[in-house]
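Asker: Okay, handing you the structure first.
The values are calculated or read from the model by the stated rules, or taken from the named source; none is laboratory data. Quick caveat, the model's predicted, so the values are computed rather than measured. Cβ placement follows ideal geometry from the backbone for every residue including glycine, while neighbour counts extend to all protein chains displayed.
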Amino acid sequence: MEFYTIDGVRIAVSLYGDKGVPLLVLHGWGSSSEGWQDVAQLLSQQGYRVIVPDLPGFGLSPEPPRDWSLTEYVALVRNLVVSLDIPRAVLVGHSFGGRVAIEYASLYQDSLDVLILCGAAGIQRHRKKRVRIFFIISKAGNRIFSIPFLSRFREYCRKGLYALIGVKDYYTASETMRVVMSRVIEKPLQHYLRQITIPVLLLWGDKDSATPLKDARLADTLLANSTLIVCKDKGHSLQRECPALLAEHITTFLHKKPLSL
């Protein structure tokens, strides 16, 4: 683990291997570089140089200095790449990290050989509707549980509501990161997908309930040069559920593509 200061923001970065094609991995919301340790080690054993930062607000990286949106995360990743002197790389994004990777690839695809998306978030807008419903219910709940004899049940019911609506990450986040999350999910990404022309590998679990397989199928239709691989009986976190299989799919795909050192 090494630490870098990028535009005044201190970032923890896990590095695996010191040579080979650089693979930059962006983790999901509520996760960190630790969740990619097994995959990163397997990829480094195949000769890749794997870089996994803890994005601001996760792992060992402190929260952003202000209420960030997706734009600030993309800018930070770009400046990290420049600081590490990486002219070209393979970019991997999971869940929230997939959001960042999609916008990054649309802006800087000349610096990427391949984009790999694993259960990437933000492809469909249906989760924004879900969160909007949550906020309506949440406000009503605040009024209801302000009644003295019901107040003792507030946290229990609130936690259940967050899980039911599918925004448990929001419940567990700090106040700053809740604002960040609400700003991040507001940004539509489909037009970014249409702009990406480099090879893209889509890796999805068919049991993924956080970013359903239909998201991947939509992305596959919007992207100019994509390959979709569906992992049978797997969910949203392939890097934890089947690290060896995930690493195998990545290396097999990359072996077929011309990569820059």
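Asker: Of all residues in segment 227-248, how many are surrounded by fewer than 19 Cβ atoms within 10 Å (Cβ to Cβ) and either outside any helix (DSSP H, G or I) or touching a Leu at 6+ places or on another chain (Cβ under 9 Å) (or both)?
Answerer: 10
Asker: Which members of segment 20-38 meet the condition of being out of contact with any Gly (no Cβ under 9 Å at 6 or more places or on another chain) and not hydrophobic (A, V, I, L, M, F, W, C)?
Answerer: Passing the criteria: Pro22, Gly30, Gln37, Asp38.
Asker: All but one of (1) modelled with pLDDT of 95 or more; (2) farther than 18 Å from Phe3 by Cβ; (3) small (Gly, Ala, Ser) hold for Ser69, so report the exception by its number.
Answerer: (1)
Asker: Could you list all residues from segment 171-181 that are free of Cβ contacts under 8 Å to residues at least 60 places away in the same chain and either exposed (fewer than 15 other Cβ atoms within 10 Å of the Cβ) or in contact with a strand residue (DSSP E or B) (Cβ under 9 Å, 6 or more places away or on another chain) (or both)?
Answerer: Within segment 171-181, just Glu175 meets the criteria.
Residue by residue, here is whether (1) over 26 Å from Ala244 (Cα atoms); (2) without any contact (Cβ under 8 Å) to a residue 12 or more places away in the chain; (3) in contact with a Phe, Trp or Tyr (Cβ under 9 Å, 6 or more places away or on another chain) holds:
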position: Ser44; (1), (2), (3): no, no, yes
position: Val52; (1), (2), (3): no, no, yes
position: Gly59; (1), (2), (3): no, no, no
position: Asp67; (1), (2), (3): yes, no, no
position: Arg78; (1), (2), (3): yes, no, yes
position: Phe96; (1), (2), (3): no, no, yes
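Asker: What number of residues in segment 194-226 are surrounded by fewer than 17 Cβ atoms within 10 Å (Cβ to Cβ), hydroxyl-bearing (Ser, Thr, Tyr) and either in contact (Cβ under 8 Å) with a residue 60 or more places away in the chain or in contact with a strand residue (DSSP E or B) (Cβ under 9 Å, 6 or more places away or on another chain) (or both)?
Answerer: 1
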